[in-house]
Amino acid sequence: MATYFVRMRAKEGRAEEVRGTLLTNPAIAGEEPGRVVFALHRSKDDRDEFWIYETWESEELVAAHEASEPFLNYRETLRPLAEGESVVWGNTEPFAVKGYDAGPYYVDDTERKDGS
């Protein structure tokens, strides 16, 4: 499993364009092999702030998604709309999940649990 969080802020006056562009990401707009969860979020407190939460079956499938022509086009459309220094990207590993099977994971450093 590979899970990512991405945070970004729209440039002034560009929030609706960011929202619309995020909706064109191939992982939300179509079927992508290996996509488990792909969720787009918008801050309630700062309407210019957006979050992406995504979980994939493997890092290799993420790499294939990000190398695809539709994703590369999406990224090039999104880049000029977001404040570059605002983009924060986190590569994480789930350690407790409710709602989908994340496979085996650790609840703490010693106890291995089933992800279902």
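Out of all the residues in region 30-37, is one or more modelled with pLDDT of 95 or more and loosely packed, with under 14 Cβ neighbours inside 10 Å?
Looking through region 30-37, none of the residues is modelled with pLDDT of 95 or more and loosely packed, with under 14 Cβ neighbours inside 10 Å.
Kindly establish whether ARG47 is among the basic types (Lys, Arg) and either at positive phi or assigned to a strand (DSSP E or B) (or both). It is false that ARG47 is among the basic types (Lys, Arg) and either at positive phi or assigned to a strand (DSSP E or B) (or both). Considering every residue within region 5-23, establish whether at least one is small (Gly, Ala, Ser), touching a Phe, Trp or Tyr at 6+ places or on another chain (Cβ under 6 Å) and not in a helix (DSSP H, G or I). The answer is no; no qualifying residue exists. Residues satisfying the criterion are present in region 15-22 (criterion: surrounded by 15 or more Cβ atoms within 10 Å (Cβ to Cβ) and polar (S, T, N, Q)). Looking only at region 41-62, residues that are more than 15 Å from GLY90 (Cα to Cα) and either of a type in the set (A, V, I, L, M, F, W, C) or in contact with a Ser or Thr (Cβ under 7 Å, 6 or more places away or on another chain) (or both) come to 2 in all.
Taking the conditions exactly as written (exposed (fewer than 14 other Cβ atoms within 10 Å of the Cβ), without any contact (Cβ under 8 Å) to a residue 60 or more places away in the chain and under 13 Å from the mean Cα position of the chain (by Cα)), does GLU66 satisfy them or not? Here the answer is yes, as GLU66 does meet what is asked. Can you tell me which residue in region 71-96 is modelled with the lowest pLDDT, limited to those that are part of a helix (DSSP H, G or I), farther than 23 Å from MET1 by Cα and not charged (D, E, K, R)? The extreme case among them is SER86.
The values are calculated or read from the model by the stated rules, or taken from the named source; none is laboratory data. Computed from a predicted structure; not experimentally measured. Positions of Cβ are generated from backbone atoms using ideal geometry, with glycine treated the same way; all protein chains shown enter the neighbour counts.
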